[in-house]
1. Could you tell me whether A27 is open to solvent by less than 70 Å² (accessible area, probe 1.4 Å) and within 16 Å of the ligand (Cβ to nearest atom)?
2. Quick one: how many residues across segment 108-132 are over 28 Å from I6 (Cα atoms) and of a type outside the set (S, T, N, Q)?
3. Report, ordered by the first and then the second residue, all pairs with beta carbons closer than 8 Å, sequence separation of six or more or different chains, a first member in segment 174-198 that is free of Cβ contacts under 8 Å to residues at least 12 places away in the same chain, and a second member that is in a helix (DSSP H, G or I) and surrounded by 15 or more Cβ atoms within 10 Å (Cβ to Cβ).
4. Kindly list the number of the only condition in (1) open to solvent by less than 50 Å² (accessible area, probe 1.4 Å); (2) charged (D, E, K, R); (3) touching a residue at least 40 places away in the same chain (Cβ under 8 Å) that fails for D73.
5. Where in segment 11-110 are there strands (runs of 3 or more DSSP E), lying fully within it, with 1 or more residues that are modelled with pLDDT of 95 or more and under 20 Å from E186 (Cα atoms)?
6. Condition first: open to solvent by less than 30 Å² (accessible area, probe 1.4 Å), on the phi < 0 side of the Ramachandran plot, within 12 Å of the ligand (Cβ to nearest atom) and not in a strand (DSSP E or B). Now tell me which residues in segment 132-176 satisfy that.
7. Scan (1) of a type outside the set (K, R); (2) more than 22 Å from Q22 (Cβ to Cβ); (3) without any contact (Cβ under 8 Å) to a residue 24 or more places away in the chain for the single condition L145 breaks and write down its number.
Amino acid sequence: MTPDPINRRLGVLISGRGSNLQALIDAIADGRLQASIAVVISNREDAAGLPRARKEGIEAICLPHRGWPTRDDYNRALVRELQTRGVGVVCLAGFMRLVGAPLIEAFPHRVVNIHPSLLPAFPGLEAQRQAIEHGVKVSGVTVHLVTAELDAGPIIVQRAVPVLPGDTADSLAARILEEEHRAYPEAVQAILDGGWRVEGRRLVAAKSPTSAST
Ligand code: GRF
């Protein structure tokens, strides 16, 4: 039995600059990422990523996180906006809100995040500063599926970036960002290609139907 193909309509959630959103847009334009962006949603009206998306003709809306009785209510509102537009995969691209159960349950194994460190090192905020302060010699980028636990879901792609003598959090962040822009489209394409499953906390190659039956 062939598994259902994965719906390639992306919903991208942002809070700010949107350079990873731009990397996804560029990768779609030049064929490295076979997908479309159905909607971009920001929790902040002033996110620079919103005009970036609109310039490309992509629907981009603001859904402010304030004013909802609970975080779950906000997450349910996000789900409605995404489902209305037929989104299949949700890409978090600098979305500075905790994603909760309603969103993860509505898109099981279909929410992807990018984080600027080699997880499980330095989860949470200011990962590049954490890396500098810890004195590690190598940091990098992780793209992973989102689970209820912060920055801890199954890893799709990781790339190392050396920490150079004299690096500051800003200079390291700039070099990691270049790697992010390559890694994110690749990881999303890998998810869309299928042929994987989640085993515990790992993303592994799916067994072929033949090998599964032997
Ligand atoms: C990136 O460093 C990403 O890894 C982190 O937030 C930052 C977003 O940057 N989750 P941008 O908005 O994509 O430029």
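1. Working: open to solvent by less than 70 Å² (accessible area, probe 1.4 Å): yes; within 16 Å of the ligand (Cβ to nearest atom): yes.
Spelling it out, A27 is indeed open to solvent by less than 70 Å² (accessible area, probe 1.4 Å) and within 16 Å of the ligand (Cβ to nearest atom).
2. 10
3. W196/A190
4. So D73 meets the others, but not (3).
5. On the way: elements: 36-42, 60-62, 89-92.
Passing ranges, in order: 36-42, 89-92.
6. The answer is V146, A169, L172, A173, I176.
7. Among (1) of a type outside the set (K, R); (2) more than 22 Å from Q22 (Cβ to Cβ); (3) without any contact (Cβ under 8 Å) to a residue 24 or more places away in the chain, the lone unmet condition for L145 is (3).
To keep it simple, each residue is scored yes or no on (1) within 14 Å of the ligand (Cβ to nearest atom); (2) surrounded by fewer than 19 Cβ atoms within 10 Å (Cβ to Cβ).
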| position | (1), (2) |
| --- | --- |
| P5 | no, yes |
| G31 | no, yes |
| A35 | no, no |
| E45 | no, yes |
| P51 | yes, yes |
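The values are calculated or read from the model by the stated rules, or taken from the named source; none is laboratory data. Note that the structure is a prediction, hence the values are computed from the model and not measured. All Cβ positions, glycine included, derive from the backbone under ideal geometry; neighbour counts span all protein chains shown. Please note that ligands, DNA and RNA were not included when accessible areas were found on the heavy atoms of the full protein model with its side chains. Shrake-Rupley method; radii C 1.70, N 1.55, O 1.52, S 1.80 Å.
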